[in-house]
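The block underneath contains the structure these notes are about, expressed in structure tokens.
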Amino acid sequence: MGGFYTDESLLQIVLVTGIIGGGAAWLSGRAIAGTWRPYGHVIGYMLLLGATVRFVHFALFEGTLLSLPSYVTDTLYLIAVGSLAWQITRTNQMLRQYDWLYERAGLLSWRERPPKPADVGGTKAPPV
């Protein structure tokens with residue numbers, strides 16, 4: 001078992017985990033949300049992607065393959081990126097698909113639209 005990123009340089013960590021792994025996590029999170037799959041799928045896919053990122057560190061830069069601290073760190077980062085992409089995509093989907101029901105309440109959330117004054121009480125307001 002290796003230590004915490006003992007064999008990799010900062011440039012390798014940023015390139016493989018940050019850019020390549022983070023990009024794959026972002027695209028995966030978007031794809032999972034885009035097909036209306038539940039959030040739990042993000043966790044499962046990021047666990048697999050974390051193992052892939054560790055393998056790329058090992059194969060390209062001779063990093064430690066079986067390093068639990070490095071795997072956990074990589075995977076937590078990937079889960080954070082994938083979760084953010086999933087939530088942003090899901091928010092945009094809900095606002096686009098159900099625009100008469102919901103309005104934006106921030107980058108990551110939505111809320112129900114308040115009823116229009118014409119809809120309250122069952123009577124329509126006269127045109128202005």
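Read the figures in this text as sums done on the coordinates, not as results from a lab. Because the structure is a prediction, the values reported are computed rather than measured. A quick note on method: Cβ atoms are made from the backbone with ideal geometry, for glycine too, and the neighbour counts reach across all protein chains shown.
Over the range 46-90, consider all pairs of different Cα atoms and compute the Kirkwood hydrodynamic radius from their mean reciprocal separation; express it in Å, one decimal.
Kirkwood radius, the range 46-90: 10.9 Å.
Explain nothing, just compute: Karplus ³J(HN,Hα) = 6.51 cos²θ - 1.76 cosθ + 1.60, θ = phi - 60°, for every residue of the range 103-115 in order, whole Hz, x for Gly and Pro.
Listing the rounded values in order: 9, 5, 10, x, 5, 10, 8, 9, 9, 5, 6, x, x Hz.
Excluding ALA31 itself, calculate the net charge of residues whose Cβ lies under 14 Å from the Cβ of ALA31, where each Lys or Arg counts +1 and each Asp or Glu counts -1.
Every neighbour counted, the sum reads +3.
Treating the angle as unsigned and between 0 and 90°, give the value, to the nearest 10°, between the Cα long axis of helix 68-97 and the longest Cα principal axis of the chain.
20 degrees
When the chain is fully extended, how far beyond the present Cα-Cα distance does SER9 get from ASN92, taking 0.36 nm per residue of separation?
Separation in residues times 0.36 nm, less the Cα-Cα distance, equals 26.1 nm.
Provide, for q = 0.12, 0.13, 0.15, 0.17 Å⁻¹, the log10 of I(q)/I(0) from a solvent-free Debye sum over equal Cα point scatterers in the chain.
For the chain at q = 0.12, 0.13, 0.15, 0.17 Å⁻¹, log10 I(q)/I(0) is -0.56, -0.62, -0.73, -0.85.
So if we plug the beta-carbon distance of SER109 and LEU68 into 1/(1 + (r/R0)^6) with R0 = 35 Å, what FRET efficiency do we get, rounded to 0.05? Don't skip to the end; give the middle numbers.
Numbers: r = 35 Å, r/R0 = 0.99.
Once rounded, the FRET efficiency stands at 0.50.
Which of the listed residues, ALA80, GLY40, SER67, is farthest toward the dipole's positive end in the chain, when Lys, Arg count +1 and Asp, Glu count -1 at the beta-carbon?
The residue sitting farthest along the positive end of the dipole is GLY40.
Sum up the charges of everything whose Cβ sits under 11 Å from the Cβ of VAL16, counting Lys and Arg as +1 and Asp and Glu as -1, but leave VAL16 out. Write out the running numbers ahead of the final one.
Working: positive: ARG54; negative: GLU8, ASP74.
Spelling it out: positives minus negatives among the neighbours equals -1.
Once you list every other residue whose beta carbon is under 15 Å from the beta carbon of MET46, what net charge do they have if Lys and Arg are +1 and Asp and Glu are -1?
With Lys, Arg at +1 and Asp, Glu at -1, the neighbours total +2.
Which is the longest part of the chain that has none of the chymotrypsin sites (Phe, Trp or Tyr not before Pro) sitting in a DSSP loop with at most 13 other Cβ atoms within 10 Å?
Longest site-free region, per DSSP loop and neighbour criteria: 37-97.
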